[in-house]
């Protein structure tokens, strides 16, 4: 069964704080989040936003962290209960072919050993629902849910890979969803479609962020002068890892190809690592195209909101389909128009021509065409940014995300 949860009522503003209008909800859920501990930025951000939203909605929550990591301190800062474990690391699934299948079998064996310990922890917590994000934990959560009589919801952070022979991964997932107590909740319709066919319950829930954290009126700690960026430049910001799939090189090529029409455009590149063959090639391309004064590399940033705020437009230039794209809704929440390759989640979250612009393909030509549209709309940047903020408030707050998931769990089949 496949449902699109309804959107909630629009936000109101009370004493400068954006709140979700109350909605009657009949639930008695006690949630425990099953965390790996080594989550990357997007998954980590998803956990913090969701658990904070659940807490604000009055849901009893706790977390079980399999391996100590950066996310523990973030949870503790928000007074979210954490039970730390030091369990055996799961075998990596890197590579392909038969070797990958063998590693998958070893991973399953490891999870079977861990499931008993996790099940005991779930029983001790009194939780009735298990939440997880990492694909590596799906089988583990299913076994533990079965052993404890609870139900597990997999908040899918990524698309399901095609990298297994005989479509094995989708078959394994389908088995888990049908015979263990696991329900997938995809972060976009695109992500849901990668599950393939199958007779099992499934849902879609777009993600959300805290509008008070991503507040356009919040003072930033960074200014353009510190980074050598002219105050009158039209600054595009990319916030992503420095790898080829993120498309920074395609954006630089397009910036060069549009010529004098784009002379006011500057590019802020936030993310790491700042060493490696890809970064070296990208910096060489910038130099070759004569863009050294207009492309600014700052590496990984901690106070991401401050860097968003000095930008005029936030860009998601990922070349392959983006499962969701946190930078997209973070940028819109800060009243920034978003330029995004429409493949995947951004095609669902960005309203083309209203809250930003779609890049219609991963080619230099399509990137260039999108930049020209942006330049044409420069007189309307403030208007588009305002529409982006309202669109994010209406659809992508952390509390609305939490409430949608509560609704799914409340209405879900037993």
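Structure notes:
- Residue list for region 180-216, filter: part of a loop (DSSP other than H, G, I, E, B) and within 14 Å of the chain's Cα centre (by Cα): 187, 188, 205, 206, 207, 208, 210
- In region 388-414, of all residues being out of contact with any strand residue (DSSP E or B) (no Cβ under 7 Å at 6 or more places or on another chain) and within 18 Å of residue 327 (Cβ to Cβ), the one that is surrounded by the fewest Cβ atoms within 10 Å (Cβ to Cβ) corresponds to 395.
- Residue count for region 178-192, restricted to those that are buried (at least 20 other Cβ atoms within 10 Å of the Cβ) and at pLDDT below 95: 1.
- Selection count, region 286-323, where residues are assigned to a loop (DSSP other than H, G, I, E, B) and in contact with a helix residue (DSSP H, G or I) (Cβ under 7 Å, 6 or more places away or on another chain): 12
- Annotation for region 273-288: at least one member residue is under 21 Å from the mean Cα position of the chain (by Cα) and modelled with pLDDT under 95.
- Of the listed requirements (1) out of contact with any strand residue (DSSP E or B) (no Cβ under 8 Å at 6 or more places or on another chain); (2) free of Cβ contacts under 8 Å to residues at least 60 places away in the same chain; (3) assigned to a loop (DSSP other than H, G, I, E, B), residue 230 misses just one: (1).
- Any hit, region 145-155, residues being out of contact with any helix residue (DSSP H, G or I) (no Cβ under 8 Å at 6 or more places or on another chain), surrounded by fewer than 22 Cβ atoms within 10 Å (Cβ to Cβ) and more than 20 Å from residue 171 (Cα to Cα): yes
- Of residues in region 158-168 being under 29 Å from residue 148 (Cα atoms) and under 22 Å from the mean Cα position of the chain (by Cα), the one surrounded by the fewest Cβ atoms within 10 Å (Cβ to Cβ): 158
- A count restricted to region 241-271 and to residues that are surrounded by fewer than 17 Cβ atoms within 10 Å (Cβ to Cβ) and in contact with a strand residue (DSSP E or B) (Cβ under 8 Å, 6 or more places away or on another chain) stands at 1.
- Test for residue 95: is it at pLDDT below 85, assigned by TED's automatic domain parsing to the domain that holds residue 128, within 20 Å of the chain's Cα centre (by Cα) and surrounded by fewer than 20 Cβ atoms within 10 Å (Cβ to Cβ): no
- Output for region 228-240, where each listed residue is surrounded by 15 or more Cβ atoms within 10 Å (Cβ to Cβ) and either closer than 20 Å to residue 366 by Cβ or touching a helix residue (DSSP H, G or I) at 6+ places or on another chain (Cβ under 9 Å) (or both): 233, 234, 235, 236, 237, 238, 239, 240
- Restricting attention to region 334-349, the residues being in contact (Cβ under 8 Å) with a residue 40 or more places away in the chain, in a helix (DSSP H, G or I) and surrounded by 24 or more Cβ atoms within 10 Å (Cβ to Cβ) number 1.
The values are calculated or read from the model by the stated rules, or taken from the named source; none is laboratory data. Because the structure is predicted, anything quoted here is derived from the model rather than measured. We place every Cβ from the backbone using ideal geometry, glycine too, and count neighbours over all the protein chains shown.
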